[in-house]
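Coordinate-derived values only; no laboratory data. Note that this is a predicted model, so its numbers are computed, not measured. A quick note on method: Cβ atoms are made from the backbone with ideal geometry, for glycine too, and the neighbour counts reach across all protein chains shown.
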Amino acid sequence: MTHSGKKTEGKASFYNGVAGRPEEGLEISVISVVEVETHLSYSVSVQQTPWRPPTELPKNPLTAQTKRKSKKPTKKKARLCSTPEITRVDDYARHLKKTRSLLPESVRYLVADGYYCRAKFWDAVRNSNLNLISKLRSDANLKYLYTGEKNKIGAPRKYDGKVDCNKLKNLTFIKEVKPGVKLYSLVVWSVSLKCKIRLACLSELQPNGKIKNILLFSTDIELTGEQILEYYQARFQIEFIFRDAKQFTGLSNCQSRSGQCLDFHFNASLIALNLAKYEAYNRHSSPKPFVFSMTSYKRREFNRHILYTFIDKLDLDRNLILNHPNLPSVLSYGTLAA
């Protein structure tokens, strides 16, 4: 999210997925709980990603000696290290550790995009007694597990060659998700994470005739390929949190520069969205599956407010109107069709 002002706390260069390039602004990390059956996502914790200036390196004595011999006056410039001591992945891992006690006991999996597929973050997930579901690069370093006969002499053989993600002949075919998209699965060894993972590969036939493979995985090897795909698709619900919070609850409209004020504003915005979802879910009485729309919720609440205003201003019979069978259709006037 962009934010004006050079003195705004936490403003730095972050990667913008929409623009496809780094841009200046603020970044927040959100941990949410997704109900797989209803596809409802509730934010549990939000934290602003801090910006740390690069650390200063010690002076090079050879460089200093060369400067003394030079007659021309030179300006002193501090050399800065391009890699900070604490990375953003460390902050994301700390955020998870602080939030783990707030998550329901039934939560067993942490679903994150491919950026979080790092050994440092996986250690934090494992220490939190959770399993990681994420996405791999197409050139990920994976190895087949050896399942042949064991030698009687020497250490047992563990691996049976490197996985070529462009060749799926050794993977087990699961099903065809939709025309042109096939799902494969296999338990392999991840070199970067240093553990066994259940690989779920989506092989999609492109219009140009080429095949595109998308690698999903879970550190819980007991999960099936269909479950990994279902859980990873549910991760996209967090994007609706950002969309609704920006459009309706003022997530990016804070004018303060202070870190504490920004933190309060971010939390207030997401809490308001949670309350709207909770209230809309409790009022849902239709036999159709519940689908939350912030646009429809806003329209419905506006209709309710204007109806109560007419009742009070025109001295109408409140009980007669509120108990009328056509009241739901009046309140739903102008909402989106589910």
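Filtered by the rule that a residue be buried (at least 17 other Cβ atoms within 10 Å of the Cβ) and of a type outside the set (Val, Ile, Thr), segment 104-116 gives Tyr109, Leu110, Ala112, Tyr116.
Within segment 92-108, track down each residue that is assigned to a helix (DSSP H, G or I) and more than 13 Å from Val44 (Cβ to Cβ).
Listed by number, the residues that qualify are Tyr92, Ala93, Arg94, Lys97.
Within segment 220-271, the residues that satisfy the criterion of being touching a helix residue (DSSP H, G or I) at 6+ places or on another chain (Cβ under 8 Å), polar (S, T, N, Q) and either closer than 16 Å to Val111 by Cα or crowded, with 16+ Cβ neighbours inside 10 Å (or both) are Thr249, Ser252, Ser269.
Selection within segment 284-306: residues that are of a type outside the set (Gly, Ala, Ser) and over 30 Å from the mean Cα position of the chain (by Cα). The member of this set that is farthest from Val330 (Cα to Cα) is Pro287. What do you reckon, is Gln255 over 23 Å from the mean Cα position of the chain (by Cα) and either in a helix (DSSP H, G or I) or over 27 Å from Glu35 (Cα atoms) (or both)? The answer is yes for Gln255.
Every listed requirement among (1) touching a strand residue (DSSP E or B) at 6+ places or on another chain (Cβ under 8 Å); (2) farther than 19 Å from Gly10 by Cα is met by Glu239 save one, (1).
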